[in-house]
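Inspection log for the structure reproduced underneath, given as structure tokens.
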Amino acid sequence: MLNRSNLSISILNRYYCKVSSSSTGTISNLSCWGKKALVTGGSRGIGKAIAQRLAASGANVTILSKDPILNKEVVSSLPIVHINGDLNTLENNGLNRDQPTNRHSGLVFDLSVPLTGGSYDEMSQALKQQNNDHLLEFDILVHAAGITQNDLFFRSKSNDVRTILQVNLQTPIDLTRLLLKPMIKKQWGRVIFLGSVVADQGNRGQSIYSASKAGLVGFSKSLSREVGHFNITSNVISPGYIDTDMSAPYIASQGETLIERIPLKRIGNVEEIAKAALFLVESNYITGQVIRVDGGLW
Ligand SMILES: NC(=O)c1ccc[n+]([C@@H]2O[C@H](COP(=O)([O-])OP(=O)(O)OC[C@H]3O[C@@H](n4cnc5c(N)ncnc54)[C@H](OP(=O)(O)O)[C@@H]3O)[C@@H](O)[C@H]2O)c1
């Protein structure tokens, strides 16, 4: 785990996947071919599922997360696809290895560190080096990194409040600022934020978390109005209760009471959020929206 003192964006951890026969899955639609995607929080849960889906659709994916070992492991597991389709099938039919495949990479950074001064420069530098062309160019930016809160407001500590707001709200805003100009230049971009249904419903013990997610909605809607004419869309996916490391303790503590509030009578899975993310990437005429993927939760 990185902290301020040893904050070295791990250029050391810069690695690329090799084409390997372990790549799996039938690739039917390479709608993201040639696009560069940065997925924060791509090492686990929802972000990981989104990274996998984008990679399977042909994108070159960079996963940004905190734990270096997990980051490396997940980058190596991302689907590698060939312009002409599924690698496995092509290998069986004599894959021409000179043909291009997509490439993935990892970036280790602690997003609770404010992106100002030194860390801003370090982040810019590391992101530039992720791109062979040394530009801060990403076509698709998915902000999935997040931390939750399980504490009544009157018990909350100001440091914890700051960290939640930093990771969930301030850093996504700063990172968007860092990466927006090249999208404007290219006249194409997709920005996706992971919000939460608690942003509009509120939840006991999650006042700061809710505030951070509601902040993303205001930011994304305003951004969509500023950059729409550059062919850049900005949307929020607002998940209900999805089975991940983050939500597991809460879901377990709520039991059947929670399921009763979900018309579809089950907890969601990460794949269901990833489908919504790919849908937004592929959509040319949806912006400034909050897409709830929550099984109808009330
Ligand atoms: N799960 C749900 O039910 C649910 C519901 C509504 C909204 N959401 C939102 O969806 C997003 C993903 O949630 P999840 O359930 O998939 O969470 P998760 O399983 O806990 O994964 C969190 C991800 O964020 C990364 N991360 C956390 N703090 C970081 C930091 N300081 N610096 C860099 N990376 C950091 C983690 O990286 P490491 O692996 O390196 O720790 C991990 O990749 C979050 O924004 C969450 O608020 C989730």
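When Ser253, Ser207 are checked against the criterion of being over 21 Å from the mean Cα position of the chain (by Cα) and at pLDDT 95 or above, a single residue qualifies: Ser207.
Residues in the stretch 186-205 that are outside any strand (DSSP E or B), within 15 Å of the ligand (Cβ to nearest atom) and more than 13 Å from Gly146 (Cα to Cα): 8 in all. The set of residues from the stretch 127-165 being within 16 Å of the ligand (Cβ to nearest atom) and acidic (Asp, Glu) comprises Asp151, Asp160. Annotation: Trp33 fulfils all but one of (1) crowded, with 17+ Cβ neighbours inside 10 Å; (2) modelled with pLDDT under 95; the unmet one is (1).
The set of residues from the stretch 117-146 being without any contact (Cβ under 8 Å) to a residue 40 or more places away in the chain and part of a loop (DSSP other than H, G, I, E, B) comprises Asn132, Asp133, His134. A Cβ distance below 9 Å, combined with a sequence gap of six or more or placement on separate chains, defines the contacts here; from the stretch 44-73, residues that are under 13 Å from Ile140 (Cβ atoms) reach residues that are among the charged types (D, E, K, R) and within 13 Å of the ligand (Cβ to nearest atom) in the pairs Arg53/Glu271; Ile63/Lys48. Of all residues in the stretch 48-72, those satisfying the criterion of being assigned to a helix (DSSP H, G or I), farther than 12 Å from Cys32 by Cα and near the ligand (Cβ under 10 Å from one of its atoms) are Lys48, Ala49, Ile50, Pro68, Ile69, Leu70, Asn71. Checking each residue in the stretch 220-261 for being exposed (fewer than 15 other Cβ atoms within 10 Å of the Cβ), within 11 Å of the ligand (Cβ to nearest atom) and of a type in the set (S, T, N, Q) picks out no residue at all.
The values are calculated or read from the model by the stated rules, or taken from the named source; none is laboratory data. This one's a predicted model, so the numbers in the text were calculated from it and none came from an experiment. Glycine gets a Cβ as well: all are built from the backbone with ideal geometry, and neighbour counts include every protein chain shown.
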